[in-house]
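Right, one structure below, let's go through it.
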Amino acid sequence: MSDWQQISLGDLETPVRPKVAVPSQESKISASAGYPLRSLGEVMHLDIERTPMKPATTYHLAGVLNAGKGVVAKGELDGGDTEYAAMNVLRTDQVVMRKLTAWEGPIAVVPAEFDGFVVSNEFPTFTLGPDLMPDWMRHVCGSPRLWAEMKNRVSGTVQRRKRLNPEQLLQIQLPVPPRKVQARIVEILDSVDDQITALDKEAKALDRVSMAVAEEMLADEPTVALGTMLNDIRGGKSPQANNRPPGADELGVLKVSAVTPFAFLPEETKSLLPGTLMPEAALVQPGDVLITRANTPSRVGAVARVPADVRDGLYLADKTLRLVPSSELDPDFLVVAMALKSARTHLTSSATGTSASMVNVSQGRIRDTPIPLTNLDRQREVSAAVLSVRANTDAVRAEVVRLRNARSSLLSSLLDRTIEIESVEMGV
């Protein structure tokens, strides 16, 4: 069954999706010990297949994502266009890791569709023994417990150049249940992952519906340049800051990721160093309309409104701007208008930069953004209709966050047997 039987405004309150119950840490606590610890070297071994790089031969390149998020295609390569004499070959169900910056958890099980892809010698491969199921190991690779063990074993003096060699990986000890138990754990975790995927699809469907509502309601309205409806655009500054969120009694500065379409994320901040002075005008205020002037191509120009309950002591950086609307422009409508297709097309096409991962849009081009011209009553009618749909989106995404947080500890709890499999299966 699909997540939605039919997408319509009347159905938005009652999405159809499967349910998976994730038990709390208190569910049926077992007095028994966890599964026996075994070193990875006991259950898998280094197994590297090398292939020479031949001119006029095309090879498919792969990489490994951080935090156990899997293998990714990196394009094609002619064997004559690389300095490598040979590269490592990936095989289905092998484990592959990246030695460089291994503390970020770049480890995964190779899916069948990546069989035969090549990687540099920075990516050693390992073949699983009969005691490990590939699907179980896939979930282990996504476990913070494994990443922490990898981080504890990296060597090197420069953080971004620290490495983990294969021997160090194979020294890591983890609980290894019998294959029958592994299969049941995989089934449980896959059920949770399926629920998360279904919720993600649902949230994206709601996003599309909300903007379809806006586009239809504003289709016949003339447009004007945003700058004619603004009193000002104000920015902050980027000071030296710690790479962690501020504590309750600390000041913080926004990261570019703090502003996403329709959503302000106060946790996406960095704590200011003691004694750092910030301009009072850069203090984030409830009700502010913020825009990112620098971000990835898909996120540059994202606009959100700061909620009324925002914590005090957060400041704008130089890459986040405050849009100050005139009395003729409703702040919520401004957020909606800047998410319309015409506005997004203008902003993304106006962005400049030499990096594909970070582009910038100038204040001048922001002011030139076309937005619909309509009276305040109509603006409020449109924004109310859109935001009512987005309230459903927010609820779905909150459920996704809850499930992901629960899932992150579920594998460890099952392995330690602080949660018994039977208590989880009752809710699946």
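The values are calculated or read from the model by the stated rules, or taken from the named source; none is laboratory data. Small disclaimer: the values here were computed from a predicted structure and weren't measured. All Cβ positions, glycine included, derive from the backbone under ideal geometry; neighbour counts span all protein chains shown. Ligands, DNA and RNA are excluded from the accessible area calculation, which covers all protein heavy atoms including side chains. Shrake-Rupley method; radii C 1.70, N 1.55, O 1.52, S 1.80 Å.
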Test each condition in (1) open to solvent by 50 Å² or more (accessible area, probe 1.4 Å); (2) touching a helix residue (DSSP H, G or I) at 6+ places or on another chain (Cβ under 9 Å); (3) free of Cβ contacts under 8 Å to residues at least 24 places away in the same chain for Trp147 and report the one that comes out false.
(3)
Across region 37-50, what is the total count of residues that are assigned to a helix (DSSP H, G or I) and either of a type in the set (Gly, Ala, Ser) or under 18 Å from Pro111 (Cα atoms) (or both)?
1
What are the residue pairs meeting all of these: first residue in region 364-384, first residue assigned to a strand (DSSP E or B) and buried (at least 18 other Cβ atoms within 10 Å of the Cβ), second residue hydroxyl-bearing (Ser, Thr, Tyr) and at pLDDT 95 or above, Cβ atoms under 6 Å, and 6 or more apart or on different chains?
Pro372/Thr223
Pairs where the first residue, in region 302-316, is within 18 Å of Ala241 (Cα to Cα) and the second is among the hydroxyl-bearing types (Ser, Thr, Tyr) and open to solvent by less than 50 Å² (accessible area, probe 1.4 Å), C-beta under 7 Å, 6+ apart:
Leu314/Thr269
Taking the criterion of being touching an Asp or Glu at 6+ places or on another chain (Cβ under 9 Å) and charged (D, E, K, R), would at least one residue in region 293-310 satisfy it?
yes
Do you know which of the residues in region 385-417 that are over 16 Å from Ser210 (Cβ atoms) and among the polar types (S, T, N, Q) is surrounded by the fewest Cβ atoms within 10 Å (Cβ to Cβ)?
Asn405
Of all residues in region 239-272 being polar (S, T, N, Q) and open to solvent by less than 60 Å² (accessible area, probe 1.4 Å), which is nearest to Met211 (Cα to Cα)?
Thr260
If I filter region 311-330 for residues that are assigned to a helix (DSSP H, G or I) and on the phi < 0 side of the Ramachandran plot, do I get at least one hit?
no
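Quick grid of which residues meet (1) in contact (Cβ under 8 Å) with a residue 12 or more places away in the chain; (2) closer than 19 Å to Leu415 by Cα; (3) open to solvent by 60 Å² or more (accessible area, probe 1.4 Å); (4) not small (Gly, Ala, Ser):
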site: Gly105; (1), (2), (3), (4): yes, no, no, no
site: Ala112; (1), (2), (3), (4): yes, no, yes, no
site: Pro134; (1), (2), (3), (4): yes, yes, no, yes
site: Asp193; (1), (2), (3), (4): yes, yes, no, yes
Condition first: surrounded by 14 or more Cβ atoms within 10 Å (Cβ to Cβ), out of contact with any helix residue (DSSP H, G or I) (no Cβ under 6 Å at 6 or more places or on another chain) and in a helix (DSSP H, G or I). Can you find one or more residues in region 229-238 that meet it?
yes
Do you know which of the residues in region 51-97 that are out of contact with any Cys (no Cβ under 9 Å at 6 or more places or on another chain), open to solvent by less than 40 Å² (accessible area, probe 1.4 Å) and assigned to a loop (DSSP other than H, G, I, E, B) is farthest from Ser120 (Cα to Cα)?
Ala67
Cβ-Cβ under 8 Å, sequence separation 6+ or interchain: first residue in region 263-286 and in contact (Cβ under 8 Å) with a residue 40 or more places away in the chain, partner of a type in the set (S, T, N, Q) and open to solvent by less than 50 Å² (accessible area, probe 1.4 Å). Which pairs?
Leu272/Asn242
Picking from Leu170, Leu206, the residue that is touching a residue at least 60 places away in the same chain (Cβ under 8 Å), closer than 19 Å to Gly41 by Cβ and open to solvent by less than 40 Å² (accessible area, probe 1.4 Å) would be Leu170
